[in-house]
Amino acid sequence: MATPVGDKIRKLRKALKMSMETLATEADMSKSYVWELENSDDANPTMDKLERLATVLNTTAEFLAYNEQADQPVDAFDKAFFRNYKTLQPATKQQLLEILKTLKKTQG
């Protein structure tokens with residue numbers, strides 16, 4: 001039986017239609033380790049590994065790690081998006097803001 005962490009990883013991975021192998025490759029870990037996280041009842045990943053997984057899964061390590069105090073997946077996605085946004089170059093941020101303005105106009 002998987003831990004809550006493993007259940008969250010599996011659910012997010014499947015929602016992204018991502019294979020276990022793809023997740024492992026993008027998070028720079030082995031497929032067997034990801035399988036262990038998703039299926040073992042004693043998996044205990046480090047925060048570093050949770051951060052790498054969270055980045056690939058568009059969430060936060062806190063969401064993966066904590067049960068009761070965790071953000072909901074949508075909130076975690078927003079935090080992960082903003083974390084990625086903060087690392088962009090100013091010109092890229094401006095382009096993204098222009099895209100956002102265009103998208104908002106199309107929604108009515």
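The values are calculated or read from the model by the stated rules, or taken from the named source; none is laboratory data. Quick caveat: nothing in here was measured; it's all calculated off a predicted structure. Using ideal geometry, Cβ is built from the backbone for each residue, glycine included, and neighbour counts are taken over all protein chains shown.
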Restricting to the stretch 58-90, and then to whatever is surrounded by 15 or more Cβ atoms within 10 Å (Cβ to Cβ) and of a type in the set (A, V, I, L, M, F, W, C), can you tell me which residue is modelled with the lowest pLDDT? Ala70
Considering residues that are crowded, with 16+ Cβ neighbours inside 10 Å and either part of a helix (DSSP H, G or I) or of a type in the set (Val, Ile, Thr) (or both), the number found within the stretch 18-32 is 3
